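The structure appears right after this line, and notes come after that.
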């Protein structure tokens, strides 16, 4: 009996070893290909209907797009597609799927592919370029295409400290031919999870989920392909390097230098700026506002809203304080409870509940706050063992912001960026002159996911963790056993961790970018983006115009003007169409019923004839710093003016002026928000309360868990943000 048991164990060990070897050496993995674009353009009648509904003044059309889309050619998107995450879900979402989704499901006029350069192989880059060309080839008449597709990538830099952090930026080019695009992408680094950890995960999960093992084999090959690419030589001009090497630029100045070497027109768009999941605490836009790191001609747009939330609004509170260079925990203020402060409260409550002497508990409270700060926003929750979502409540979040990004960082917001100045050249201070865009930042190859609020697990970054046991083993960090003592950061796991359960409450369908374009042609859309004649929406196709009225005519949003006269502005906004259920006949005819269900999940952009109401227009006024130490607080007026709109469905049209401009003699930035009537949104109420005190205070917020079914719908006010108009005060020969 013992002999047979030993023989069985030996056989089992041999089989496990053989299986591990098969995964490690990629015996069964298949290449993640680009897919095949559906070769049917939209009917001319559908394009004309869009043109009629989106017609703008001054002969320009308003076109809607999504310029931040990931397919499973991105490392993180591939992981999100694994059966562990997707349950019995969809698997691969290659570039061709993104093209079909944008054209038939979400009704995009244009979109851009932006897979992470980090881990993107030369083969995949070539396949992306070819897939984009396929997508454009289907678009019909080049002078009136049904959709325009742009080529780009994401440069994903994240510093460990605020001083070395520059953030994520997407790179786009107007052309699509090989001679109009770089031979390879340019990455911020080659980092990621350790290869040994990924191999162990793929080996284990292919055994634990045998019916879905092929996806794990494919993932292992996908990673091996990127690891086999050698690094590019340093100091060689980018166009002279071979195509099959990994090119690195770990700071924005090096990235701009390499893009300059190619000589192509390009856009560099920062995004994810206020997210505490990619930016370290203390991150500050001022660190890269200088001639070395910021190229205003290329870096002229900023993403203010995405599926990860809002990065627009500045707040005066801080997520961390620095005293003589040491990070410390700030105290709470109305609308913001620091996570570090809450960590101390939890530990103190546990300590006193155990009957421990008060002085000891106060010291543990202080230690807990410092441990949280030292661990950082991403890992801080792990310093309090056994703390639940309910324990943390709204801590580290901007409670009075519209759908805020998770673990909010106010000095990385768009408003803050527009308020700061660099005075290296006092007579000509350097400032950010960003136009505003929205995007999805979707990782399932779904451009423009905000057309309907449905399918939370596919239209947002939440994923259906149907196998809770495996998900907790491989995806979710162990919260540990409840203790009245916090854990020092040096004792935490080294790998970066995300509290995915908590983050699920801040995962949204995403936004759009709209352009005021002379036509549907590629060149005109690109020109509108370069001129900042663009605006952002939180997802719906809201129509918005924002112009300055001058003696010489109309200056649209994005304009930079020098004036000594009282500025006068005109705003017009029209709500988005209410959506009919299902999909248009042309989409069903092109994709077929089965693919409508699998790709579009049975619902498409399908506008009715009725529009939503615009309830109000909010005007934001910002006075950029005019001296190096001028406090930011007080320079941002949000909202400076608010105008109510008629409820007759006709839209909203207002005019206003700034009678203070001449007297203050200050350079001033203006932009507007058009607010739509409340509707249900996925996670529209991230701070929804489920338990109140007798005084009406919220004692417990209701989280949106990935382990629970449902759409987590809450009422929110969808909106559009115009690009700013920059009005500099005329001071004769100098500004």
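Figures for the structure shown
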read-out	value
The range 591-603 residues that are on the phi > 0 side of the Ramachandran plot, paired with ones that are in a loop (DSSP other than H, G, I, E, B) (beta carbon under 8 Å, 6 or more apart)	601/454; 601/455; 602/582; 602/583
Filter result for residue 342 (within 13 Å of residue 396 (Cβ to Cβ) and out of contact with any strand residue (DSSP E or B) (no Cβ under 8 Å at 6 or more places or on another chain))	yes
Given (1) more than 22 Å from residue 335 (Cβ to Cβ); (2) touching a helix residue (DSSP H, G or I) at 6+ places or on another chain (Cβ under 7 Å); (3) part of a strand (DSSP E or B), number of the condition residue 720 does not satisfy	(2)
Among residues of the range 357-398, those that are surrounded by fewer than 22 Cβ atoms within 10 Å (Cβ to Cβ), touching a strand residue (DSSP E or B) at 6+ places or on another chain (Cβ under 8 Å) and either in a helix (DSSP H, G or I) or at pLDDT 95 or above (or both), counted	3
Among the candidates 675, 701, 682, residue that is under 17 Å from residue 616 (Cα atoms) and either modelled with pLDDT of 95 or more or surrounded by 17 or more Cβ atoms within 10 Å (Cβ to Cβ) (or both)	675
Set 483, 421: member being out of contact with any strand residue (DSSP E or B) (no Cβ under 9 Å at 6 or more places or on another chain), surrounded by fewer than 24 Cβ atoms within 10 Å (Cβ to Cβ) and modelled with pLDDT of 90 or more	483
Complete set of residues in the range 113-128 that are in a loop (DSSP other than H, G, I, E, B), touching a helix residue (DSSP H, G or I) at 6+ places or on another chain (Cβ under 9 Å) and under 17 Å from residue 69 (Cβ atoms)	115, 117, 118, 119, 120
Leading residue by the ranking (nearest to residue 581 (Cα to Cα)) among those in the range 441-480 that are assigned to a helix (DSSP H, G or I) and modelled with pLDDT of 85 or more	451
Check on residue 80, more than 30 Å from residue 248 (Cα to Cα), under 19 Å from the mean Cα position of the chain (by Cα) and either surrounded by fewer than 24 Cβ atoms within 10 Å (Cβ to Cβ) or modelled with pLDDT of 90 or more (or both)	no
Selection within the range 179-215 - out of contact with any helix residue (DSSP H, G or I) (no Cβ under 7 Å at 6 or more places or on another chain), over 19 Å from residue 30 (Cβ atoms) and in a helix (DSSP H, G or I)	179, 180, 196, 197, 200, 204
Answer from 609, 547, 597, 648 - the residue that is in a strand (DSSP E or B) and loosely packed, with under 14 Cβ neighbours inside 10 Å	609
Residue in the range 57-77 that is modelled with pLDDT of 80 or more, part of a helix (DSSP H, G or I), within 18 Å of residue 599 (Cβ to Cβ) and within 28 Å of the chain's Cα centre (by Cα) present	yes
Subset of the range 406-418 that is out of contact with any helix residue (DSSP H, G or I) (no Cβ under 7 Å at 6 or more places or on another chain) and part of a loop (DSSP other than H, G, I, E, B) - its residue that is surrounded by the most Cβ atoms within 10 Å (Cβ to Cβ)	409
Some residue of the range 129-141 being surrounded by 23 or more Cβ atoms within 10 Å (Cβ to Cβ), at pLDDT below 95 and not in a helix (DSSP H, G or I)	no
Any chance residue 341 is buried (at least 16 other Cβ atoms within 10 Å of the Cβ) and assigned to a helix (DSSP H, G or I)	yes
Strands (runs of 3 or more DSSP E) wholly inside the range 216-330 that include at least 1 residues being farther than 24 Å from residue 526 by Cα and free of Cβ contacts under 8 Å to residues at least 60 places away in the same chain	321-323, 326-328
Condition broken by residue 108, with the remaining ones in (1) closer than 16 Å to residue 172 by Cβ; (2) at pLDDT below 90 satisfied	(2)
Only one of 273, 256, 321, 310 that is modelled with pLDDT of 95 or more and within 18 Å of the chain's Cα centre (by Cα)	310
Test: residue in the range 192-201 that is buried (at least 16 other Cβ atoms within 10 Å of the Cβ), within 28 Å of residue 111 (Cβ to Cβ) and at pLDDT below 90	yes
Residue in the range 629-638 that is at positive phi, touching a residue at least 24 places away in the same chain (Cβ under 8 Å) and part of a loop (DSSP other than H, G, I, E, B) present	no
All positions within the range 161-176 that are out of contact with any helix residue (DSSP H, G or I) (no Cβ under 8 Å at 6 or more places or on another chain) and surrounded by fewer than 21 Cβ atoms within 10 Å (Cβ to Cβ)	161, 164, 175
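The values are calculated or read from the model by the stated rules, or taken from the named source; none is laboratory data. Here the structure is a predicted model, which is why all the values come from computation and not from measurement. Note: ideal-geometry Cβ built from the backbone for every residue, glycine included; neighbour counts use all protein chains shown.
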